[in-house]
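Peer 1: Before anything else, here's the structure in question.
The values are calculated or read from the model by the stated rules, or taken from the named source; none is laboratory data. None of the values given here were measured: they were computed from a predicted structure. Cβ placement follows ideal geometry from the backbone for every residue including glycine, while neighbour counts extend to all protein chains displayed. For accessibility, only protein heavy atoms count, side chains too; no ligands or nucleic acids. Shrake-Rupley method; radii C 1.70, N 1.55, O 1.52, S 1.80 Å.
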Amino acid sequence: MGGASVAPRMSLRGRDVISIRDLSREEIEEILAAGRRMIPYAEGSKVSRPLADQIVAMAFFEPSTRTRLSFESAVQRLGGSCITIADMSATSMRKGESLSDTIHMLSGYADAIVIRHPNEGSARLAARVSAKPVLNAGDGAGQHPTQTLLDLATMQEAFGTLAGLRVVLLGDLRFGRTVHSLAYALALFGADLVLTSPPTLGLPEELKAPLEHLGAKVTTEPDIARAVADADVLYVTRIQKERFPDEAEYRKVAGSYRIDASVLAHAKPRLIVMHPLPRAGEIAAEVDATPHAAYFRQAFLAVPVRMALLDAVLGEPKRKG
Amino acid sequence: MVRELKIVPIKNGTVIDHINNGLALEVLRIINVQSLDKDSTVSIAMHVRSAKHGWKDIVKVENMELSPRKVNAIALIAPTATISIIRDFKVQSKRNVDLPDRIVGVLKCPNPNCITHQPEPVESEFAVESRRPVVLACAYCERVVDDFRQHLA
Ligand SMILES: Nc1ncnc2c1ncn2[C@@H]1O[C@H](COP(=O)(O)OP(=O)(O)OP(=O)(O)O)[C@@H](O)[C@H]1O
Ligand SMILES: [Mg+2]
Ligand SMILES: [Zn+2]
């Protein structure tokens with residue numbers, strides 16, 4: 001076995017990871033550190049097989065190419081194999097099988113289950129039903145903890161730390177629950193948050209207080225240019241059409257939140273722009289060529305971070321001697 | 001001791017006293033009067049002077065004892081209530097309602113997209129995050145509920 005096996009503590013072994021809140025600050029730090037060590041293994045320049053002979057089921061009840069492929073890549077880079085249902089909605093769900101039954105069955109076929117499902121709370125239900133660990137790859141508008149982990153990993157790689165970073169969260173901060181988990185994790189690690197959103201899509205008040213409770217400085221700055229001026233990270237999210245009364249209103253708002261070279265003209269040289277992808281016009285293509293663009297690096301880091309998590313949950317404990 | 005029997009004494013049954021003023025009807029909803037035995041007379045006193053809390057409501061139900069689940073539901077909406085079991089006209093036991101750490105099956109999750117609304121073999125479940133004021137969070141989707149009176153199952 002090579003050096004990629006991380007397992008610094010037994011704490012995550014066999015555990016479910018449904019929400020970022022299931023992980024302590026120390027556990028998140030462990031996963032991030034392990035994720036950094038996984039990079040050469042994710043790139044294929046080093047090889048290690050801590051998941052050899054293990055099978056991970058990908059239970060995707062709604063399509064999500066990126067998340068599924070990066071999980072599959074992570075499993076296979078660690079020497080494990082996958083059984084995949086790319087779009088379960090087309091198969092057993094249509095036949096009326098309950099999620100509980102499907103998970104029950106899958107937990108007999110695999111050593112762990114990665115689940116993506118359109119209903120909030122589905123991953124928690126799956127974890128209760130499954131005898132094997134369950135990793136949540138997105139439950140509706142709910143939790144998506146590995147997204148938060150790879151977001152943190154991207155910022156940490158760029159700046160060496162999360163503490164004291166000034167992070168602008170831009171876009172739909174009201175319904176975008178991935179952003180809620182990220183805001184929580186950033187506050188936990190001592191980053192300061194700048195909230196930039198259309199007036200109707202602001203962060204819910206009841207979510208703001210807990211962030212401040214964690215010690216984060218949280219400011220609201222609807223003006224993008226001003227928000228970007230002294231920021232370290234600009235985290236851009238999608239603004240969905242369904243949130244607006246009509247097409248014209250949507251286009252007006254979406255247009256005013258578009259990131260291009262002119263928005264970044266007065267940014268700090270080291271500012272990074274992040275996006276969970278896929279983007280739909282939120283970031284102009286001209287930004288790709290600037291040193292600010294971090295979203296493709298962010299997409300790549302999905303693999304080593306998911307490898308680190310899979311290894312911590314499933315990898316063989318290092319044998320002594 | 002002044003016996004406070006504004007309504008007819010009952011031989012056997014349950015008295016829910018010290019219900020927060022105005023909430024007797026909510027308590028009745030939880031008891032589900034339709035489901036009671038034919039011989040269960042229900043009497044209500046609303047807006048009764050209370051030595052402890054100003055004004056209160058009282059509900060008395062003959063020949064019935066409350067399931068733990070119903071006690072939890074009452075604890076949620078009327079935290080000051082007491083529940084007395086009457087046997088042969090005497091108070092056999094009396095206790096305060098108390099809110100458990102988890103509430104199973106009493107409320108519906110306010111999130112319509114929550115997995116608990118799907119045809120799954122699962123009951124609603126809420127964790128009690130705070131008691132004063134009562135704040136609950138769905139054990140599945142994590143949705144926070146503070147207006148739980150609207151969501152009684
Ligand atoms: N036979 C009965 N029929 C109907 N209600 C009764 C009967 N005996 C007692 N109760 C009611 O049961 C409750 C508890 O009785 P208890 O004698 O302990 O009342 P208490 O001394 O007024 O105490 P407290 O008001 O502090 O709960 C009271 O609401 C009382 O009115
Ligand atoms: Mg009394
Ligand atoms: Zn719920």
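Peer 1: Taking the inverse of the average 1/r across all pairs of different Cα atoms in the range A:145-299, what Kirkwood radius in Å do you get?
Peer 2: Kirkwood hydrodynamic radius for the range A:145-299: 15.4 Å.
Peer 1: Let me ask something else. For the range B:54-132, run through the GluC sites (Glu not before Pro) and keep only the ones in DSSP coil with at most 14 other Cβ atoms within 10 Å of their Cβ. Don't skip to the answer; put the middle values down first.
Peer 2: Numbers: sites: B:Glu62, B:Glu65, B:Glu123, B:Glu125, B:Glu129; in loops: B:Glu65, B:Glu123.
Hits after loop and neighbour filter: B:Glu65, B:Glu123.
Peer 1: Using a 10 Å cut-off around each Cβ of peptide B:115-126, what is the average number of partner chain Cβ atoms that fall inside?
Peer 2: Counting other chains' Cβ atoms within 10 Å and averaging over B:115-126 gives 5.
Peer 1: On to the next question. With the convex hull built on the Cα atoms of the range B:25-124, state its orientation-averaged projected area in nm². The partial results should precede the final answer.
Peer 2: Numbers: hull surface 33.9 nm².
Over all viewing directions, the range B:25-124 projects a mean Cα-hull area of 8.5 nm².
Peer 1: Could you work out what % of the accessible surface of the range B:102-151 is carbon and sulfur, using a 1.4 angstrom probe and leaving DNA, RNA and ligands out of the count?
Peer 2: 47
Peer 1: Restrict the search to the range A:23-58; then list the trypsin sites (Lys or Arg not before Pro) that DSSP places in a loop and that have at most 16 other Cβ atoms within 10 Å of their Cβ.
Peer 2: Numbers: sites: A:Arg25, A:Arg36, A:Arg37, A:Lys46; in loops: A:Lys46.
Filter output for the range A:23-58: A:Lys46.
Peer 1: Among A:Ala137, A:Ala126, A:Ala261, determine the one that fluctuates most according to a GNM of chain A built with springs between C-alpha atoms less than 10 Å apart.
Peer 2: A:Ala261
Peer 1: What is the helix-to-structure angle for A:247-256, meaning the angle in degrees between its Cα long axis and the longest Cα principal axis of chain A, kept from 0 to 90 and rounded to the nearest 10?
Peer 2: Approximately 80 degrees, to the nearest ten.
Peer 1: Would you be so kind as to identify which of A:Thr148, A:Leu125, A:Thr178 lies farthest towards the positive end of the dipole of the range A:105-217, taking Lys and Arg as +1 and Asp and Glu as -1 on Cβ and the Cα centre as origin?
Peer 2: Final value for the positive-end residue is A:Leu125.
Peer 1: Under a Cβ-Cβ cut-off of 12 Å, what is the net charge of the residues other than B:Leu152 that fall near it, where Lys and Arg count +1 and Asp and Glu count -1? Don't jump to the answer; show the numbers that get you there.
Peer 2: Numbers: positive: B:Arg29, B:Arg69, B:Lys70, B:Lys108, B:Arg149; negative: B:Glu26, B:Asp147.
Combined, the nearby Lys, Arg, Asp and Glu give +3.
Peer 1: Probe radius 1.4 Å, ligands and nucleic acids left out: can you give me the accessible area buried at the B-A interface, summed over both chains, in Å² to the nearest hundred?
Peer 2: Chains B and A together bury roughly 1200 Å² of accessible area.
Peer 1: I would also like to ask the following. Mind listing the phi-derived Karplus ³J(HN,Hα) values for the range A:11-26, rounded to whole Hz, using 6.51, -1.76 and 1.60 with θ = phi - 60°, and x for any glycine or proline?
Peer 2: Per-residue couplings from phi come out as 4, 8, 4, x, 8, 7, 10, 9, 9, 4, 5, 6, 10, 6, 4, 5 Hz.
Peer 1: What average count of beta carbons from other chains do you get within 10 Å of the Cβ of residues in A:120-132?
Peer 2: 5
Peer 1: In whole Hz, what ³J(HN,Hα) sequence does the range B:69-76 give by Karplus (6.51, -1.76, 1.60; θ = phi - 60°), x for Gly and Pro?
Peer 2: Result, rounded to whole Hz: 5, 5, 4, 4, 5, 5, 4, 5.
Peer 1: I would also like to ask the following. What list of ³J(HN,Hα) values in whole Hz, one per residue of the range A:157-172 in order, does the Karplus curve 6.51 cos²θ - 1.76 cosθ + 1.60 (θ = phi - 60°) give from phi, with Gly and Pro shown as x?
Peer 2: Result, ordered by residue: 5, 6, 10, x, 7, 10, 4, x, 5, 9, 10, 8, 9, 10, x, 7 Hz.
Peer 1: Another question, if that's okay. Can you show me the helix-derived [θ] at 222 nm for the protein assembly as shown, built from DSSP H runs with n ≥ 4 at -39,500 (n - 2.57) apiece and divided by the number of residues, rounded to the nearest 500.
Peer 2: That comes out to -9500 deg cm²/dmol.
Peer 1: Separate question: Place a +1 charge on the Cβ of each Lys and Arg in the range B:1-98 and a -1 charge on the Cβ of each Asp and Glu, then give the dipole magnitude about the Cα centre in debye, rounded to the nearest 20. Let's see the in-between values first.
Peer 2: Working: 15 positive and 10 negative charges, 43 e Å.
So the magnitude is around 200 debye.
Peer 1: Given a 1.4 Å probe and heavy atoms of the protein chains only, how would you sort B:Met46, A:Met307, B:Met64, largest accessible area at the top?
Peer 2: B:Met46, B:Met64, A:Met307
Peer 1: Can you tell which of B:Thr14, B:Thr80, B:Thr41 shows the greatest fluctuation in a Gaussian network model of chain B with Cα springs below 10 Å?
Peer 2: Between B:Thr14, B:Thr80, B:Thr41, it is B:Thr41 that shows the largest mean-square fluctuation.
Peer 1: Dipole size in debye (nearest 20) for chain A around its Cα centre, Lys and Arg Cβ +1, Asp and Glu Cβ -1?
Peer 2: Numbers: 38 positive and 37 negative charges, 161 e Å.
In debye, rounded to 20, chain A gives about 780.
Peer 1: Next up: Working only with C-alpha atoms, what are the Rg and Dmax values of chain A, expressed in angstrom?
Peer 2: 19.7, 68
Peer 1: What does the accessible area per residue of the protein assembly as shown come to in Å², with a 1.4 Å probe and no ligands, DNA or RNA counted? Please report the intermediate quantities before stating the final value.
Peer 2: Details: 21870 Å² over 474 residues.
Accessible surface, normalised per residue, equals 46 Å².
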